[in-house]
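Visitor: Have a look at this one before I ask anything.
The values are calculated or read from the model by the stated rules, or taken from the named source; none is laboratory data. Worth saying up front: this structure is predicted, and the values here are computed from it rather than measured. Cβ placement follows ideal geometry from the backbone for every residue including glycine, while neighbour counts extend to all protein chains displayed. For the accessible areas, the whole protein counts, side chains as well, though only heavy atoms, and no ligand, DNA or RNA atoms are used. Shrake-Rupley method; radii C 1.70, N 1.55, O 1.52, S 1.80 Å.
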Amino acid sequence: MADSLAIVHVYPELLGTYGDRGNVLALCHRAEARGLSVRVVEVGPDQPLPRDGDVYVLGGGEDSAQLAAGHSLMQDERAADILGSHPCLAVCAGFQLLSRSFTDADDVAQPGLGLLDVTCGRLDSRAVGEVVADPVGLDAVPTLTGYENHRGSAWLGPLAAPLGHLVTGVGNGDQRTEGAVQGNVVATYLHGPVLVRNPRLADLLLSRVAGPLPEYDDEGVEQLRTERLDVADPRRHRARRALFGRR
Ligand code: GLN
């Protein structure tokens, strides 16, 4: 890490649906709140990925934008090496692009970068709505909240671990799991933006380059988390009914 932390935003004009740019802002905010200086490096699809970034972020994208982004990534012969050797967040289309392959809107299998032992197919219908998932093996990251809007599924091979056990929503489409983690890559179908709704996940990525971070609580974000989880987490509904009876 140089004087400042470089957050590399990969192809923002192609991979930025549903406010996923907010993931970059969340990383900057959480880093600056700890006194770290940060800079954002935006990389266009006609540019090679820089090797000297600290954290790399890929957002979601519509089918055609996803194909264009995939084409650019496959053309960049260093992309797999760079993204595989740094903390990297990949959301929805980004998740599919880092997998072994994904199925496009014409039902044709397209190659991904293969950083994740994951094969992405197509769901029978589009998954849209709130998602709740319990993180797997990520200390200090509480229940994950976000929303999804995708046709892609994800089938995890033995080298990839799920990011979370699904509580509600569709996630990977297997009725059990959401997202994938392999090495430094954290991949998810969650928008929200996911790092705004789940700031401890942002901290996890940052701490991989900056070391342990001091506690930092964001009251507004905690309120947002409570509000979304109250709406979407069925366990909270059951707990409330047990306390107050049916309303
Ligand atoms: N185009 C992909 C799909 O529908 C990704 C969508 C997204 O990034 N929200 O699965």
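Visitor: Among the residues of segment 107-135, count how many are closer than 20 Å to Arg225 by Cβ and crowded, with 22+ Cβ neighbours inside 10 Å.
Guide: Number of matching residues: 4.
Visitor: Next question, about the same structure. Report the residue count in segment 182-200 for those that are within 16 Å of the ligand (Cβ to nearest atom) and charged (D, E, K, R).
Guide: Residues meeting the conditions: 1.
Visitor: Continuing with the same structure: Quick one: would you say Gln175 is at positive phi and polar (S, T, N, Q)? It would help to see each step written out before you state the result.
Guide: On the way: at positive phi: yes; polar (S, T, N, Q): yes.
Considered against the rule, which asks whether it is at positive phi and polar (S, T, N, Q), Gln175 comes out as yes.
Every residue, every condition in (1) under 19 Å from Leu97 (Cβ atoms); (2) part of a helix (DSSP H, G or I); (3) among the polar types (S, T, N, Q), yes or no:
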site: Val181; (1), (2), (3): yes, no, no
site: Ala187; (1), (2), (3): yes, no, no
site: Leu195; (1), (2), (3): yes, yes, no
site: Ala202; (1), (2), (3): no, yes, no
site: Ser207; (1), (2), (3): no, yes, yes
site: Pro212; (1), (2), (3): no, no, no
site: Glu215; (1), (2), (3): no, no, no
site: Gln223; (1), (2), (3): no, yes, yes
site: Thr226; (1), (2), (3): no, yes, yes
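Visitor: I would also like to ask the following. Taking segment 40-90, which residues are away from the ligand (no atom under 16 Å from the Cβ), of a type in the set (A, V, I, L, M, F, W, C) and open to solvent by 60 Å² or more (accessible area, probe 1.4 Å)?
Guide: Passing the criteria: Val40, Met74.
Visitor: Something else now. Out of the residues in segment 153-178 that are within 13 Å of the ligand (Cβ to nearest atom) and out of contact with any Asp or Glu (no Cβ under 7 Å at 6 or more places or on another chain), which is nearest to Arg228 (Cα to Cα)? First the steps, then the outcome.
Guide: To start, the set of residues in segment 153-178 that are within 13 Å of the ligand (Cβ to nearest atom) comprises 153-154, 170-173.
Checking which are out of contact with any Asp or Glu (no Cβ under 7 Å at 6 or more places or on another chain) leaves us with 153-154, 173.
Values: Ser153: 24, Ala154: 25, Gly173: 21 Å.
It comes out as Gly173.
Visitor: Also, quick follow-up: Could we say that Phe95 is crowded, with 24+ Cβ neighbours inside 10 Å, over 15 Å from the mean Cα position of the chain (by Cα) and either closer than 13 Å to Tyr189 by Cα or among the aromatic types (Phe, Trp, Tyr) (or both) here?
Guide: Values: crowded, with 24+ Cβ neighbours inside 10 Å: yes; over 15 Å from the mean Cα position of the chain (by Cα): no; either closer than 13 Å to Tyr189 by Cα or among the aromatic types (Phe, Trp, Tyr) (or both): yes.
No.
Visitor: As an exercise: evaluate Gly137 against (1) away from the ligand (no atom under 13 Å from the Cβ); (2) at pLDDT 95 or above and give the number of the one condition it does not meet.
Guide: It is condition (2) that Gly137 fails.
Visitor: Tell me which residues, restricted to segment 136-167, are among the β-branched types (Val, Ile, Thr) and open to solvent by 40 Å² or more (accessible area, probe 1.4 Å). Can you show your working first?
Guide: Keep residues of segment 136-167 that are among the β-branched types (Val, Ile, Thr), which gives 136, 141, 143, 145, 167.
Correct list: Val136, Val167.
Visitor: Continuing with this model, one more query. Please determine whether any residue of segment 85-98 is assigned to a loop (DSSP other than H, G, I, E, B), under 18 Å from Thr119 (Cα atoms) and in contact with a helix residue (DSSP H, G or I) (Cβ under 9 Å, 6 or more places away or on another chain).
Guide: Restricting attention to segment 85-98, the residues satisfying the condition of being assigned to a loop (DSSP other than H, G, I, E, B) are 85-87, 92, 98.
From what is left, the residues that are under 18 Å from Thr119 (Cα atoms) are 92, 98.
Imposing the further condition that a residue be in contact with a helix residue (DSSP H, G or I) (Cβ under 9 Å, 6 or more places away or on another chain) reduces the set to 92, 98.
Yes, some residue in segment 85-98 is assigned to a loop (DSSP other than H, G, I, E, B), under 18 Å from Thr119 (Cα atoms) and in contact with a helix residue (DSSP H, G or I) (Cβ under 9 Å, 6 or more places away or on another chain).
Visitor: Which of the residues spanning segment 217-247 are touching a residue at least 60 places away in the same chain (Cβ under 8 Å) and open to solvent by 60 Å² or more (accessible area, probe 1.4 Å)?
Guide: Val231, Arg235 - these are the residues of segment 217-247 that are touching a residue at least 60 places away in the same chain (Cβ under 8 Å) and open to solvent by 60 Å² or more (accessible area, probe 1.4 Å).
Visitor: Can you report the number of residues in segment 15-33 which are open to solvent by 40 Å² or more (accessible area, probe 1.4 Å) and in a loop (DSSP other than H, G, I, E, B)?
Guide: Initial filter on segment 15-33 (open to solvent by 40 Å² or more (accessible area, probe 1.4 Å)): 18-19, 21, 25, 29, 32-33.
Going one step further and asking which of them are in a loop (DSSP other than H, G, I, E, B), we end up with 21, 33.
Residues that pass the stated criteria total 2.
Visitor: How many of the residues making up segment 91-129 are under 21 Å from Pro12 (Cβ atoms), touching a strand residue (DSSP E or B) at 6+ places or on another chain (Cβ under 7 Å) and near the ligand (Cβ under 10 Å from one of its atoms)?
Guide: 7
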